[in-house]
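Chemist: Before I ask anything, let me first share the structure, which is written out below as structure tokens.
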């Protein structure tokens, strides 16, 4: 006799089609049709059949632990009852933040824990204050995958410190999110990328700093996320001061795990600042890296 979990595992491994799973609101849509219809399009409603999840889940030996959050009721994702629990007519969220914390504070997540210490929490904002569009009475949760959602989230300042023969780039990072960035699971990250250019617009130095979960040499995971409402200051030495004519700093949000040079078609440029040391760089507006130097 196959258990519901076993059937789900077979579906995920060999089918992974929407038809193979129950819809998220078969009982709720009789009264809340518009809400259920919009929610069915969300990533949460399809959390167990997304190609990105399936790829990493299969590489993780199909761990059932992942399905506790991605398919708690053995469906294609999160269904209404998973959050609005109760018998008969479902009730609203008695403690919205605690409900979200069931998964968003699971191993490899710190989203809600960091939110509880943030200014957003102190101001009485909750998760859906930012991640749900109440104007349209829909239930499509908003997040980094939503076009425009990350616009103006990060503020980046770039300056230089010159001392004797040394040249250092000083970067200040601050963000408006109500929790640490990048948030989400272990694979997501925010990168700071610093490039130094010569007078011919060629990259002569490049440095990267990754924010998010980091794996130590002993295999342990540590949290190196950008804290909410806290300014992060980083100083990066520019080794070839004589040849450096311009410096470019970018903050990049990435969905895919791994190094920044690996392909991630969904990555988002959060903010970019540049510093000109030579007027010859004023003509460098069509670089291969997409850098545009500004005053």
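Chemist: How many residues are surrounded by 15 or more Cβ atoms within 10 Å (Cβ to Cβ) and within 22 Å of residue 84 (Cβ to Cβ) when one looks only at region 106-124?
Modeler: So the count comes out to 5.
Chemist: Hey, among 246, 219, 184, which residue is in contact with a helix residue (DSSP H, G or I) (Cβ under 9 Å, 6 or more places away or on another chain) and over 19 Å from residue 153 (Cα atoms)?
Modeler: Details: 219 fails: in contact with a helix residue (DSSP H, G or I) (Cβ under 9 Å, 6 or more places away or on another chain); 184 fails: over 19 Å from residue 153 (Cα atoms).
The conditions single out 246.
Residue-wise test of (1) at pLDDT 90 or above; (2) outside the structural domain of residue 228 (by TED's automatic domain parsing); (3) crowded, with 19+ Cβ neighbours inside 10 Å; (4) within 15 Å of residue 260 (Cβ to Cβ).
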site: 163; (1), (2), (3), (4): no, no, no, no
site: 166; (1), (2), (3), (4): no, no, no, no
site: 170; (1), (2), (3), (4): yes, no, no, no
site: 176; (1), (2), (3), (4): yes, no, no, no
site: 184; (1), (2), (3), (4): no, no, yes, no
site: 200; (1), (2), (3), (4): no, no, no, no
site: 204; (1), (2), (3), (4): yes, no, no, no
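Chemist: If residue 19 satisfies every condition in (1) modelled with pLDDT of 85 or more; (2) surrounded by fewer than 17 Cβ atoms within 10 Å (Cβ to Cβ) but one, which is the exception?
Modeler: Condition (1) is where residue 19 drops out.
Chemist: Have a look at 146, 128, 111, 151 and point out the one that is in contact (Cβ under 8 Å) with a residue 60 or more places away in the chain and within 18 Å of the chain's Cα centre (by Cα).
Modeler: The conditions single out 111.
The values are calculated or read from the model by the stated rules, or taken from the named source; none is laboratory data. For clarity, every value in this text was computed on a predicted model and none was experimentally measured. Virtual Cβ from ideal backbone geometry, glycine too; neighbours counted across all protein chains shown.
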